[in-house]
1. So is ASP217 within 22 Å of SER65 (Cβ to Cβ), of a type in the set (D, E, K, R) and surrounded by fewer than 17 Cβ atoms within 10 Å (Cβ to Cβ) or not?
2. Where the second residue is acidic (Asp, Glu) and not in a loop (DSSP other than H, G, I, E, B) and the first is at positive phi and lies in the stretch 221-232, which pairs have Cβ atoms under 8 Å and are six or more apart or on separate chains?
3. Can you tell which of LEU117, LEU169 is buried (at least 18 other Cβ atoms within 10 Å of the Cβ) and at pLDDT 95 or above?
4. Within the stretch 256-275, how many residues turn out to be at positive phi and among the aliphatic types (A, V, I, L, M)?
5. In this structure, is ALA231 surrounded by 18 or more Cβ atoms within 10 Å (Cβ to Cβ), closer than 21 Å to LEU259 by Cα and modelled with pLDDT under 95?
6. Among the residues of the stretch 17-39, are any more than 25 Å from ASP158 (Cβ to Cβ), basic (Lys, Arg), exposed (fewer than 13 other Cβ atoms within 10 Å of the Cβ) and at pLDDT 95 or above?
Amino acid sequence: MKICFACGTRFSASGWDCPVCGALPAKSDKFLAFNAQELESREGYNPDFFRELACLEAKNFWFSSRNRLIIWLLKRYFPGAKDLFEIGCGTGFVLSGIHKALPSVALSGCDIFTEGLDHAQNRVKRAEFYHMDAYKLYFDKEFDVVGAFDLLEHVVDDDAALFEMNKVLRKGGGLLLSVPQHPALWSRADEAACHVRRYESLELKKKVQRSGFKVLDLVSFVSLLLPVMMAARLKNSVLRKRYSLEGEVRLHPLANAALEKIMDLEFQLVRLGMRFPFGGSLFLAATKI
């Protein structure tokens, strides 16, 4: 069901015209906007990053490896999913990967930054996109799966965001999350990326359970490369290097290929059932109780 952004009425319809108050969200050429003026005042990310990310994601081992794991978790735990809603979809790189792997799944995404949504719409033209906030999702029991990939660390009240994710899922629906792991790894890269926190696995598990979910799997990832990650961030801290997103993501093709091989090995180990106790990222799969 949809929820009217003006009066809160829940209704089922193909469009967004509220049957009670007649309110209709603003519409651009590409997506519907809910409380757009309020959303643009929110902090939590630097919208200038989207242009760089859109150019670099497909060429970076971390983004491609993350997509591979997300798609595997989706197929493993929610094989019957007919639709998926990604919150904080950014440039649409994850949705584009899901669309290629599972073209029959209907896709939707939302973000508070139009800069990201512009790129997302260009990448996945068949998906529905919304200018919408993770704190105010105007759906009720609408989707089979909700995904939020590297979003929660930007959200001040992550408990409130998780309850909203639960609300938009049908009973028995699935939740897929990824977050940066281990507070001890906090660095200037986290500050530049506007992170609020990094997570421990037990902390994330408890938050998800309190929000009405049963956790199915927790996967630490970027585990084999964690020493390299720690060394790089320590070096930048000692040298007081100014953080650069492009410097973090743009790699020499040979180095990127080598790192992707290592990540592929790690992915195969995860598929075989290995669960590492540490890693740069943490992935979670859960189902709505």
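1. Details: within 22 Å of SER65 (Cβ to Cβ): yes; of a type in the set (D, E, K, R): yes; surrounded by fewer than 17 Cβ atoms within 10 Å (Cβ to Cβ): yes.
So ASP217 passes the test.
2. Qualifying pairs under 8 Å: VAL222/GLU266.
3. Values: LEU117 fails: at pLDDT 95 or above.
Just one listed residue meets the conditions, LEU169.
4. Step one: list which residues in the stretch 256-275 are at positive phi, which gives 273.
Within this subset, residues satisfying the condition of being among the aliphatic types (A, V, I, L, M) are none.
Number satisfying all stated conditions: 0.
5. No, not satisfied.
6. Scanning the stretch 17-39 turns up no residue that is more than 25 Å from ASP158 (Cβ to Cβ), basic (Lys, Arg), exposed (fewer than 13 other Cβ atoms within 10 Å of the Cβ) and at pLDDT 95 or above.
Condition check ((1) closer than 19 Å to ILE3 by Cβ; (2) part of a strand (DSSP E or B)) across all residues:
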residue: GLY147; (1), (2): no, yes
residue: ASP159; (1), (2): no, no
residue: GLU164; (1), (2): yes, no
residue: GLY172; (1), (2): no, yes
residue: LEU177; (1), (2): no, yes
residue: ALA184; (1), (2): no, no
residue: ALA189; (1), (2): no, no
residue: CYS194; (1), (2): no, no
residue: LYS207; (1), (2): no, no
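Table: residues versus (1) under 22 Å from ARG51 (Cα atoms); (2) part of a strand (DSSP E or B).
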| residue | (1), (2) |
| --- | --- |
| ARG66 | yes, no |
| TRP72 | no, no |
| PRO79 | no, no |
| CYS89 | yes, no |
| ILE98 | yes, no |
| SER104 | no, no |
| LEU107 | no, yes |
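The values are calculated or read from the model by the stated rules, or taken from the named source; none is laboratory data. The model shown is predicted, which means the values in this text are computed figures rather than measured ones. Cβ sites come from the backbone with ideal geometry, for glycine too, and all protein chains shown count toward neighbours.
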